[in-house]
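Here is the structure we will look at.
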Amino acid sequence: MSNGVEPGGRDATLIRSVDRAVAILDLLAREGWSAGAEVARELGVHRSTALRLLATLDRHGLVERDARTSKYRLGRRLVQLASSVRGEVDLRQVARPVCEALARALGETVTLDVLDGDEIVPVEQASGSTSVVSVNWLGTRSPVHCTASGKVILAFARDDVRARLLQQPLERRTARTIVDRTELEAQLAQVREAGFARTFEELEVGLNAIAAPVRNSGGEVIAAVDVSGPAHRIDPSARAALVVRTGEAADDLSRRLGYRAVPQPLTNA
């Protein structure tokens with residue numbers, strides 16, 4: 001018996017319209033006042049389609065139109081809606097499903113790490129199926145210079161914060177810990193370019209890790225998703241997918257926190 005909705009029919013159209021409406025709000029948040037033609041070009045739709053979507057959002061107060069220029073910007077109702085949400089997002093609560101999904105997918109230990117003073121502290125943790133030895137990292141404090149998450153946060157920190165942290169004594173935890181500031185700064189530059197960090201037995205012998213940055217709605221790196229495990233599983237050459245999946249999880253969490261990356265222009269390369 002049919003439910004009256006054909007596959008790919010009205011339901012799919014409504015979902016696509018919602019996706020486009022959200023894309024419009026993202027565009028206006030990023031670019032400010034925009035004309036219907038600019039919105040249509042961003043969405044890849046006909047101008048009439050973009051104008052219908054804008055008119056619907058305008059009717060609900062989510063965007064507003066300048067009668068003189070016919071351009072649109074975000075509407076004041078968004079402020080009202082935002083005020084009903086808690087002023088501060090519970091980072092741990094938002095991160096928990098992301099960490100759990102990544103731990104299940106990779107079978108390794110996943111933590112969400114933040115900078116507290118001069119040290120890295122895990123505030124959320126999920127363990128994977130291959131984590132034979134269950135280590136509770138929550139609340140433990142580690143130096144920034146010899147942890148993957150620490151290097152990520154250090155690499156993307158403000159210049160004054162990075163300078164302050166690099167002035168601290170670089171403790172040698174293992175024979176592989178980098179304690180030369182010049183070498184460490186060169187590695188941090190590579191982290192900024194690559195978008196992730198890795199450590200190989202720098203905090204503990206036999207422990208390797210990969211980490212990627214988590215951004216808030218303003219684009220500031222406020223935490224790192226860290227995947228750690230035995231050196232024989234997370235080594236320099238094996239399981240390159242770990243890097244990709246870790247980065248995807250960090251990006252997912254950033255989006256949940258309100259971050260929207262600025263689209264990069266297409267090239268012919």
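Determine if segment 160-178 includes at least one residue that is under 29 Å from GLY218 (Cβ atoms), modelled with pLDDT under 95, in contact with a helix residue (DSSP H, G or I) (Cβ under 7 Å, 6 or more places away or on another chain) and not in a helix (DSSP H, G or I).
Checked segment 160-178: no residue is under 29 Å from GLY218 (Cβ atoms), modelled with pLDDT under 95, in contact with a helix residue (DSSP H, G or I) (Cβ under 7 Å, 6 or more places away or on another chain) and not in a helix (DSSP H, G or I).
For segment 192-207, give me each residue that is surrounded by fewer than 19 Cβ atoms within 10 Å (Cβ to Cβ) and basic (Lys, Arg).
Correct list: ARG192 only.
Considering (1) of a type in the set (Gly, Ala, Ser); (2) open to solvent by less than 60 Å² (accessible area, probe 1.4 Å); (3) modelled with pLDDT of 85 or more, say which one GLY9 fails and leave the rest.
For GLY9, the exception is condition (3).
Does segment 111-119 include one or more residues that are modelled with pLDDT of 90 or more, in contact with a Pro (Cβ under 9 Å, 6 or more places away or on another chain), within 22 Å of PRO230 (Cα to Cα) and of a type in the set (S, T, N, Q)?
The answer is yes; a qualifying residue exists.
Restricting to segment 179-211, name every residue that is of a type in the set (D, E, K, R) and assigned to a loop (DSSP other than H, G, I, E, B).
Initially, segment 179-211 is screened for residues of a type in the set (D, E, K, R), giving 180-181, 183, 185, 192-193, 198, 201-202, 204.
Scanning segment 179-211 gives ASP180, GLU201, GLU202, GLU204.
Yes/no matrix, rows are residues, columns are (1) at pLDDT below 90; (2) of a type in the set (Lys, Arg); (3) closer than 30 Å to ARG41 by Cα:
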| position | (1), (2), (3) |
| --- | --- |
| VAL214 | no, no, yes |
| GLY218 | yes, no, yes |
| ALA231 | yes, no, no |
| ALA240 | yes, no, no |
| GLY247 | no, no, yes |
| ALA250 | no, no, yes |
| SER254 | no, no, yes |
| GLY258 | yes, no, yes |
| GLN264 | yes, no, yes |
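I'd like to know if segment 44-58 contains one or more residues that are open to solvent by 60 Å² or more (accessible area, probe 1.4 Å), at pLDDT 80 or above, more than 26 Å from ARG255 (Cβ to Cβ) and among the basic types (Lys, Arg).
Yes, segment 44-58 contains at least one residue that is open to solvent by 60 Å² or more (accessible area, probe 1.4 Å), at pLDDT 80 or above, more than 26 Å from ARG255 (Cβ to Cβ) and among the basic types (Lys, Arg).
Do we find a residue being assigned to a strand (DSSP E or B), modelled with pLDDT of 90 or more and not acidic (Asp, Glu) anywhere in segment 78-101? Walk me through how you get there before you give the answer.
Here is the first cut: in segment 78-101, the ones assigned to a strand (DSSP E or B) are none.
The answer is no; no qualifying residue exists.
Return yes or no: is LEU203 within 28 Å of GLN93 (Cα to Cα) and touching a Cys at 6+ places or on another chain (Cβ under 9 Å)?
Working: within 28 Å of GLN93 (Cα to Cα): yes; touching a Cys at 6+ places or on another chain (Cβ under 9 Å): yes.
Spelling it out, LEU203 is indeed within 28 Å of GLN93 (Cα to Cα) and touching a Cys at 6+ places or on another chain (Cβ under 9 Å).
Is it the case that segment 139-157 has a residue that's part of a strand (DSSP E or B), open to solvent by less than 30 Å² (accessible area, probe 1.4 Å) and either at pLDDT 85 or above or more than 21 Å from ARG96 (Cβ to Cβ) (or both)? Can you show your working first?
So in segment 139-157, the residues part of a strand (DSSP E or B) come out as 142-143.
Now drop any that are not open to solvent by less than 30 Å² (accessible area, probe 1.4 Å), which leaves 142-143.
Those still in the list that are either at pLDDT 85 or above or more than 21 Å from ARG96 (Cβ to Cβ) (or both) too: 142-143.
Yes, segment 139-157 has at least one match.
Scan segment 30-43 for residues that are open to solvent by 70 Å² or more (accessible area, probe 1.4 Å) and in contact (Cβ under 8 Å) with a residue 40 or more places away in the chain and jot them down.
Selection gives ARG30, TRP33.
I'm trying to understand the selection: among the residues of segment 212-252, which are closer than 20 Å to ALA155 by Cβ, open to solvent by less than 40 Å² (accessible area, probe 1.4 Å) and assigned to a strand (DSSP E or B)?
ALA212, PRO213, VAL214, VAL221, ALA223, ALA224, VAL225, ASP226, VAL227, SER228
List, please: which pairs have Cβ atoms under 6 Å, are six or more places apart or on different chains, and start with a residue in segment 209-227 that is under 18 Å from ALA194 (Cβ atoms) and end with one that is surrounded by fewer than 24 Cβ atoms within 10 Å (Cβ to Cβ) and among the charged types (D, E, K, R)?
Here the result reads ILE210/ARG198; VAL221/ARG215, each pair linking segment 209-227 to a residue that is surrounded by fewer than 24 Cβ atoms within 10 Å (Cβ to Cβ) and among the charged types (D, E, K, R).
The values are calculated or read from the model by the stated rules, or taken from the named source; none is laboratory data. This is a predicted model, so every value here is computed, not measured. FYI the Cβ positions are ideal-geometry reconstructions off the backbone, even for glycines, and counts take in every protein chain you see. The protein model used for the area step is the full one, side chains on, heavy atoms only, and it has no ligands, DNA or RNA in it. Shrake-Rupley method; radii C 1.70, N 1.55, O 1.52, S 1.80 Å.
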